[in-house]
1. Calculate, in nm to one decimal, what residue 21 and residue 240 gain on full extension: separation in residues at 0.36 nm each, minus their alpha carbon distance.
2. How many nm separate the modelled label positions at residue 163 and residue 40, each set 7 Å beyond the Cα in the direction of the Cβ?
3. Between residue 199 and residue 139, what is the spin-label point distance in nm, taking each point 7 Å from the Cα along the Cα→C-beta axis?
4. For 106, 161, 238, which order do you get if you count the other beta carbons within 10 Å of each Cβ and list the fewest first?
5. Where Rh is the Kirkwood radius over the Cα pairs of the range 146-225, the temperature 4 °C and the viscosity 1.567 mPa s, what D in µm²/s does Stokes-Einstein return?
6. Quick check: net charge around residue 199, other residues with Cβ under 13 Å of its Cβ, Lys/Arg +1 and Asp/Glu -1?
7. Return the loop-located GluC sites (Glu not before Pro) in the range 179-244 (DSSP other than H, G, I, E, B) with at most 13 other Cβ atoms within 10 Å of their own Cβ; answer none if there are none.
8. How big is the gap, in Å, between the Cα center of the range 16-42 and the Cα center of the range 213-239?
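Here, each number is a calculation from the coordinates, and none is a lab measurement. Small disclaimer: the values here were computed from a predicted structure and weren't measured. Every residue, glycine as well, gets a Cβ built from its backbone with ideal geometry; the counts of neighbours run over all protein chains shown.
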Amino acid sequence: MAADQLQDENLGRRIDVAGLDRYETFLVCMSYMVHPNDAEKRERLKAWLEARIAEKKGSLHQLSPKTISLLIEAGREGVGDDLTDAAQGGGTAGQVLIAVLALQESGVEDAGLDKAFHVISEIHRGGTDYRGTPLRLGRDTIKNNWKKYGAVAHLWAAYVSLLGQAKENGTFSDFAEWINGHKLAAVARAIQEMAAQRVLPRNTRPLLRSDTLLIEGVDAAVWRAPELQEHIHRALSSFTSRYR
């Protein structure tokens, strides 16, 4: 797929989603979200996701022989488990990016990654995953998730935002409605552009990492960092910096 060709740039990597339909865009974006640095795993994941979408659309019979071959590989390699694992790790990386932007928008002092790691850890304290398993998302775990998924954190931030909207407006169960690659890419582009204008406190490094996967070929959606809610203020009140 031509739009899935990466270009190495000094400012990062980029994908152009122009000309792709909503499902193709979702496949490309999600494959990078789960496997930012592994092309073979991305291809297997795209095949697995394509089959899931085709099943919902009633078009499994239209899958290409190549996709079916990759799908068989995907089954052997446990691709579904990769997606589940990435949803938590990547999801928290996206939440960290949203938190930094929200903290900075609200004028919080030293609103950087250290404070965001703490806030997201506190938000998940005592929580469980979709299986009811207690979450173990301490500050160090979230920091490691940021290291692994930070290059695609704007995509995960967009995913988290759209997921929240789908739950609020009652469309979460409508797979075809909220899994919309055009929306995902457009919101990610907006978050990408906002993050590109921000720097981290203390060392004034750019918030947007140099290895960030830049989204092109789609107009940025209207997106604003959320206002700080009471639970965020409570989390901030217990923050202790790890930087001295």
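1. Length gained between residue 21 and residue 240: 74.2 nm.
2. 2.8
3. Result: 2.5 nm between the two label points.
4. 238, 106, 161
5. It comes out at roughly 97 µm²/s.
6. After counting each charged neighbour, the total is +3.
7. Here the sparse-neighbourhood loop sites are 227.
8. About 23 Å separates the Cα centre of the range 16-42 from the one of the range 213-239.
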